[in-house]
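*Asks:* Below: one structure in structure tokens.
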Amino acid sequence: AQRVTQPEKLLSVFKGAPVELKCNYSYSGSPELFWYVQYSRQRLQLLLRHISRESIKGFTADLNKGETSFHLKKPFAQEEDSAMYYCALSVRDSNYQLIWGAGTKLIIKP
Amino acid sequence: SQTIHQWPATLVQPVGSPLSLECTVEGTSNPNLYWYRQAAGRGLQLLFYSVGIGQISSEVPQNLSASRPQDRQFILSSKKLLLSDSGFYLCAWSVGPPGQKYEQYFGPGTRLTVT
């Protein structure tokens, strides 16, 4: 069965330190993966999609099919990065559903 | 550009009362529509999704129901609320096949408190 695992419910790092939010998935086909972010009092929004291979707000995420991972990374954390982060998997036979991880709350300490 | 609206933003209802949450999308046609419940520490739980008018798929058996009376309108309802229905409800839309875009776009949410 398809599944997305975010092993950390809470991640706390100091400003300027590197950040890595872990995401592992289970899917036998070709995955499409996304990172969504929800800042305090704002709506959930798309941060990154793996097919775009983009860097948004300094964040990058590389799909590792061998390790079935899609970890979100940023070399130098900023206080405004504090938010809830969700990893999501889209599978072509899922009737357009996204399969969501449980989310990781990122706190950046000053 | 596309926008998605949800109302009300907050709602306090007594146990046993009915519920109606509304979601509308502007600027797109024939979207896929979704209702989620977001619980602290538990992520997003998909409740219902719809690929067209009158087409509703339920993911979780419960006392909630959904309807899609118009192409860009999605309604979440209950005849009798339970305390366990309290939560943050999100509506989302996406563009369907055969394109490459599977990402979803979310509304601002409704905070429901059942007392």
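*Asks:* For the stretch A:1-75 and the stretch B:61-87, what is the separation of their C-alpha centers, rounded to whole Å?
*Replies:* 30
*Asks:* How large, in percent, is the carbon and sulfur part of the accessible surface of the stretch A:3-109 at a probe radius of 1.4 Å?
*Replies:* 48
*Asks:* For B:Leu47, list long-range residues whose amide hydrogen, built 1.01 Å from N in the peptide plane, is under 5 Å from its own amide hydrogen.
*Replies:* B:Trp35, B:Tyr36, B:Arg37
*Asks:* Right, next: Can you check what the net charge comes to around B:Ala9, using other residues whose Cβ is under 15 Å from the Cβ of B:Ala9 (Lys, Arg +1; Asp, Glu -1)?
*Replies:* Net of charged neighbours comes to +2.
*Asks:* Taking each residue of B:9-18 in turn, how many C-beta atoms of other protein chains fall within 10 Å of its C-beta, and what is the average?
*Replies:* Taking the mean over all residues of the peptide, I get 0.
*Asks:* Something else: Averaged over its residues, how many other protein chain Cβ atoms are within 10 Å of peptide A:101-110's Cβ atoms? Don't skip to the answer; put the middle values down first.
*Replies:* Details: counts 2, 5, 6, 1, 2, 0, 0, 0, 0, 0.
Counting other chains' Cβ atoms within 10 Å and averaging over A:101-110 gives 2.
*Asks:* Round to the nearest 10 and report in Å² the accessible area of B:Val51, as given by a 1.4 Å probe over the protein chains' heavy atoms.
*Replies:* 50
*Asks:* Over the C-alpha atoms of the protein assembly as shown, what are the Rg and the largest Cα-to-Cα span, Dmax, in Å?
*Replies:* Cα-based Rg and Dmax for the protein assembly as shown come out at 17.7, 51 Å.
*Asks:* Short version: which residues of the stretch A:29-51 lose at least 10 Å² of accessible area, all chains versus chain alone, 1.4 Å probe?
*Replies:* SASA drop of 10 Å² or more in the stretch A:29-51: A:Glu32, A:Phe34, A:Tyr36, A:Gln38, A:Arg43, A:Leu44, A:Leu46, A:Arg49, A:Ile51.
*Asks:* Report, in debye and to the nearest 20, how large the dipole of the stretch B:3-114 comes out about its Cα centre when Lys and Arg carry +1 and Asp and Glu carry -1 on their Cβ. Don't skip to the answer; put the middle values down first.
*Replies:* Values: 8 positive and 6 negative charges, 42 e Å.
Using Cβ point charges on Lys, Arg, Asp and Glu, the stretch B:3-114 gives about 200 debye.
*Asks:* A follow-up question, please. Give the average, rounded to an integer, of partner chain Cβ atoms located within 10 angstrom of each Cβ in A:69-75.
*Replies:* Taking all residues of A:69-75 together, the mean is 0.
*Asks:* Here's another thing I want to ask about it. Distance in nm between label sites at A:Ser12 and B:Val60, each 7 Å beyond Cα in the beta-carbon direction?
*Replies:* 2.8
*Asks:* Taking a cut-off of 17 Å, what percent of all Cα-Cα pairs in chain A are separated by more than that?
*Replies:* More than 17 Å apart: 50 percent of the Cα pairs in chain A.
*Asks:* Cα-Cα over 29 Å: which of A:Lys9/B:Lys79; A:Lys15/A:Lys65; A:Lys9/A:Lys74?
*Replies:* Working: A:Lys9/B:Lys79 34 Å; A:Lys15/A:Lys65 31 Å; A:Lys9/A:Lys74 18 Å.
Going by Cα-Cα distance, A:Lys9/B:Lys79; A:Lys15/A:Lys65 fall outside the 29 Å limit.
*Asks:* Please list, in order along the stretch A:39-49, the HN-Hα scalar couplings obtained from phi with the Karplus expression 6.51 cos²θ - 1.76 cosθ + 1.60 (θ = phi - 60°), rounded to whole Hz, x for Gly and Pro.
*Replies:* Computed from phi, the couplings for the stretch A:39-49 are 7, 4, 6, 10, 7, 5, 9, 5, 9, 9, 10 Hz.
*Asks:* Quick one: putting +1 on the C-beta of Lys and Arg, -1 on the C-beta of Asp and Glu, what dipole do you get for the protein assembly as shown around its Cα centre, in Debye to the nearest 20?
*Replies:* 320
*Asks:* Can I ask one more? With a 1.4 Å probe, what is the total accessible area buried between chains B and A, in Å² rounded to the nearest 100?
*Replies:* Roughly 2000 Å² of accessible surface disappears when B and A pair.
*Asks:* I'd like the accessible area for B:Tyr105: 1.4 Å probe, protein heavy atoms, all chains in place, Å² to the nearest 10.
*Replies:* Accessible area of B:Tyr105: about 80 Å².
*Asks:* Here's another thing I want to ask about it. Choose one of B:Gly43, B:Leu81, B:Cys91: the residue whose Cα lies farthest towards the positive end of the charge dipole of the stretch B:3-114 (beta-carbon charges +1 Lys, Arg; -1 Asp, Glu; about the Cα centre).
*Replies:* Working it through, the farthest residue towards the positive pole turns out to be B:Leu81.
*Asks:* A follow-up question, please. Determine, from the Cβ-Cβ distance of B:Ser77 and B:Asn30 and an R0 of 25 Å, the FRET efficiency 1/(1 + (r/R0)^6), rounded to the nearest 0.05.
*Replies:* The formula returns an efficiency of 0.65 here.
*Asks:* Further, regarding this structure: Tally Lys/Arg at +1 and Asp/Glu at -1 over every other residue whose Cβ is under 11 Å from the Cβ of B:Phe48; what's the total? Walk me through the numbers before you get to the answer.
*Replies:* Values: positive: B:Arg37, B:Arg68; negative: B:Glu59.
Counting the neighbours of B:Phe48, the net charge comes to +1.
*Asks:* Follow-up question, since we're still on this one. Working with all protein chains in place, sort A:Glu32, A:Glu67 by solvent-accessible area computed with a 1.4 Å probe, largest first.
*Replies:* Putting A:Glu32, A:Glu67 in descending order of accessible area: A:Glu67, A:Glu32.
*Asks:* Looking at the square roots a ≥ b ≥ c of the eigenvalues of the Cα gyration tensor of chain B, which shape do they give, rounded for a/c under 1.5, prolate if a/b is larger than b/c, or oblate?
*Replies:* prolate
*Asks:* Place the peptides B:8-15, B:26-33 in order of packing, highest mean first, counting for every residue the other Cβ atoms within 10 Å and averaging per peptide.
*Replies:* Values: B:8-15: 11.8, B:26-33: 16.0.
Sorting B:8-15, B:26-33 by mean packing, highest first, produces B:26-33, B:8-15.
*Asks:* How much accessible area per residue does the stretch A:3-109 have, in Å², with a 1.4 Å probe?
*Replies:* Solvent-accessible surface per residue comes out at 50 Å².
The values are calculated or read from the model by the stated rules, or taken from the named source; none is laboratory data. Since the structure is predicted, the reported quantities are computational estimates derived from the model, not experimental observations. Positions of Cβ are generated from backbone atoms using ideal geometry, with glycine treated the same way; all protein chains shown enter the neighbour counts. For accessibility, only protein heavy atoms count, side chains too; no ligands or nucleic acids. Shrake-Rupley method; radii C 1.70, N 1.55, O 1.52, S 1.80 Å.
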